1. Looking only at the stretch 240-271, which residues are surrounded by fewer than 19 Cβ atoms within 10 Å (Cβ to Cβ) and among the basic types (K, R)?
2. Kindly establish whether D221 is touching a helix residue (DSSP H, G or I) at 6+ places or on another chain (Cβ under 8 Å), touching a residue at least 24 places away in the same chain (Cβ under 8 Å) and of a type outside the set (V, I, T).
3. May I ask you to verify whether A274 is assigned to a helix (DSSP H, G or I), crowded, with 18+ Cβ neighbours inside 10 Å and touching a Leu at 6+ places or on another chain (Cβ under 6 Å)?
4. Please determine, by comparing only the residues of the stretch 60-87 that are open to solvent by 20 Å² or more (accessible area, probe 1.4 Å) and over 20 Å from the mean Cα position of the chain (by Cα), which one is farthest from F104 (Cα to Cα).
5. Could you say which residue among L372, L358, L378, L362 is touching a residue at least 60 places away in the same chain (Cβ under 8 Å) and within 21 Å of R220 (Cα to Cα)?
6. Condition test on L300, is it touching a strand residue (DSSP E or B) at 6+ places or on another chain (Cβ under 8 Å), surrounded by 14 or more Cβ atoms within 10 Å (Cβ to Cβ) and of a type in the set (A, V, I, L, M, F, W, C)?
7. Are any of the residues in the stretch 138-155 over 24 Å from the mean Cα position of the chain (by Cα), closer than 18 Å to K52 by Cα and either part of a helix (DSSP H, G or I) or β-branched (V, I, T) (or both)?
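The values are calculated or read from the model by the stated rules, or taken from the named source; none is laboratory data. Every value quoted in this text rests on a predicted model; they were computed, and no experiment measured them. Note: ideal-geometry Cβ built from the backbone for every residue, glycine included; neighbour counts use all protein chains shown. The protein model used for the area step is the full one, side chains on, heavy atoms only, and it has no ligands, DNA or RNA in it. Shrake-Rupley method; radii C 1.70, N 1.55, O 1.52, S 1.80 Å.
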Amino acid sequence: MAPMTLVLAGAAENLVPARMQMAVSLGWHIVFSCLGVAFPAITVFAEWRAHKTGDPVLNDLAHTWAKAMGVLFAAGAVSGTLLTFEMGILWPGLMNTYGEIFGFPFVLEGFSFFIEAIFVGIYLFGWNRMSPRAHMLSAIPMVLAGMSGTFFVVAANAWMNNPVGFDVAPDGTLTNVDPIRGMFAPSMPPQVVHMWIAAYMVVGFGIASVYAVGMLRGRRDRYHRLGMLIPLTVGVVFAPIQIGVGDWIANTVAELQPAKLAAMEADYRTRSEAPLSLGGIYYDNELHYSLEVPYGLSLLIHHDPSGVVPGLEETPPENRPPVNVVHLAYNTMVGAGSALLGLALAFGFAWWKKRSWLENRLFLGAVAVSGLAALAALEGGWITTEVGRQPWIVYGHLRTADAVSPAPGLYAGFYAVVAIYAVLTVVTVYVLRRLAVTHNVPAPYEGGGEAPPRDDGTAQRERAGVS
């Protein structure tokens, strides 16, 4: 009996460092996952336009982005490898019991990763060594593998939110395990689409913000304008689409995880005509200091102002998620996403009526912070998804506290992971900054304007009959 008591005590003590380590790892890696999904597609688009128009500035931009993409892919590979080990080391209760079904999409994600890695290498080292057509075709598997890898990982997460594809025997073992059915859990479609669109928003606004900062510092050349406008267009196109997908995923959560929805809105009471709450702090079973949109939550969930929305009172206290964390993370996501939608509307109006706005300092300032806003929305959404599922690691079946490793030394592992990610961040930023200052931006004439586009070798090859 004593050894069992020690195991349980060790697991209880390890819950905090294990969750902290996963939070840091997932929060860091999800950014690089987004870059792996969207950055290749944006880069290839710029290259395609360069070949289509013969614009050497676009070619220079695409080449710079390709090198940055390679650096970011390498950093993401390190964090993804760490996460793979963490799943087994930190959560043996999950992997021992549910590995047969939960591990299947991760196996497929491994294939996606290797395909992506192969074609990232071909794309980077094939620059100026392959015909333009072959070079761009080599990017298609890279783009598709990035999207499929995200699909498999998010499918695994959707299964944790709504586990299906198995039965539980009286002794607690799993029977009738169907990994494919498990991969297509009810939450999977909205979560995957939500993540794909989030990736394009994060990368689009993130790249645009870098060039907007350059323009605010006086670099108003064509290189910086295109560097901002191409990814910004991607971001603003997806921003309104994400609002519709958000409605879809909110309805899915309301149906399948009512406790998570109640925590998102910090709503204790079950009621009709439920308002939408903005901000505030939850304590004493009530949300304080918030702003309320009358009937907003009932309209969001039921598209009916009289719709009944379950509150936290429907869930036993021991099964409720940490309300304030979920509520504030959800508000961060919605607030940042709404701000990006406003920027998208301003961009659309400027492109239609007021092109001069695109170089206005106020507009450029908004674009410059849009990358941070997109990151805030991404991290807020991920926190909402993960913390909102607590105290379950497999919703309704396995508690997080019962899945954690009882092994000693988890705090040491947490500190080591923080140190690794700190070093990775510094090195990645340093290399990207070196790329930014070493590429050859078209220089201005002494009398103003831009210098003639440089010949990067394309013209010579065309004159020689080499495609």
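1. Of everything in the stretch 240-271, those that are surrounded by fewer than 19 Cβ atoms within 10 Å (Cβ to Cβ) and among the basic types (K, R) turn out to be R269, R271.
2. It is false that D221 is touching a helix residue (DSSP H, G or I) at 6+ places or on another chain (Cβ under 8 Å), touching a residue at least 24 places away in the same chain (Cβ under 8 Å) and of a type outside the set (V, I, T).
3. Here the answer is no, as A274 does not meet what is asked.
4. Among those residues, the one meeting the criterion is H63.
5. Result: L358 is the single residue among L372, L358, L378, L362 that is touching a residue at least 60 places away in the same chain (Cβ under 8 Å) and within 21 Å of R220 (Cα to Cα).
6. yes
7. no
The rows are residues; the columns are (1) in a helix (DSSP H, G or I); (2) β-branched (V, I, T).
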residue: L229; (1), (2): yes, no
residue: L232; (1), (2): yes, no
residue: G235; (1), (2): yes, no
residue: G244; (1), (2): yes, no
residue: I249; (1), (2): yes, yes
residue: A254; (1), (2): yes, no
residue: A259; (1), (2): yes, no
residue: A263; (1), (2): yes, no
residue: D267; (1), (2): no, no
